[in-house]
1. Examine region 176-190 for a residue that is exposed (fewer than 15 other Cβ atoms within 10 Å of the Cβ) and within 18 Å of the chain's Cα centre (by Cα), and state whether such a residue exists.
2. Can you give me the ranges of the helices (runs of 4 or more DSSP H) entirely in region 59-148 with at least 3 residues that are surrounded by 15 or more Cβ atoms within 10 Å (Cβ to Cβ) and more than 13 Å from the chain's Cα centre (by Cα)?
3. Suppose we filter region 160-214 for residues that are out of contact with any helix residue (DSSP H, G or I) (no Cβ under 9 Å at 6 or more places or on another chain), under 27 Å from residue 117 (Cβ atoms) and assigned to a loop (DSSP other than H, G, I, E, B); how many remain?
4. Does residue 153 satisfy the condition of being touching a residue at least 40 places away in the same chain (Cβ under 8 Å), assigned by TED's automatic domain parsing to the domain that holds residue 100 and touching a helix residue (DSSP H, G or I) at 6+ places or on another chain (Cβ under 6 Å)?
């Protein structure tokens, strides 16, 4: 069968298929989320404006809302990515053979993460939770909940070390966990304030010198 030619149209005739207007630009959700993570990590939740986020992600506000929900939902997704990619060392630390090894792995991993040339300085969770006002109450509560989960896992690991005789008898696993968290959060604040990596490494070395191993 022969194809029929389309009917002739005059130059002034309107187009049969008008161009679509307002079509959102296609983007890679993974790349956009990684860009949002960088903004939240550097600026904190409340410090990150929607203008900064959309510019870094290369999308419009409607596209952001359609793909990720509101700002708080986007932060939650970014925090998931941060924990998955940047905080893998916290899970690996629990597998170390001694309580001292757990603490050292955590502290050195924190220094490497907080002073990396591949991202902002400091800790995303600490930056966001310490500078939250009324707008960020939900975010702060979520960070505290996640932190509590890590704290509970550490307490359980140190209790095991206590039972195995790896820690001195008088050591309280919960107090030891709180002490370690204070060191980790303090280093995060210092890193965010511009402390050099070698300064934080000295904090790690000093902490290990006084660690209450058996």
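1. yes
2. Filter on region 59-148 gives 61-68, 99-114.
3. So the answer is 3.
4. In short, no.
The values are calculated or read from the model by the stated rules, or taken from the named source; none is laboratory data. It should be emphasised that the depicted structure is a prediction, and the values quoted were computed from it without experimental measurement. Quick reminder, even Gly has a Cβ in these numbers, built from the backbone with ideal geometry, and neighbours come from all protein chains shown.
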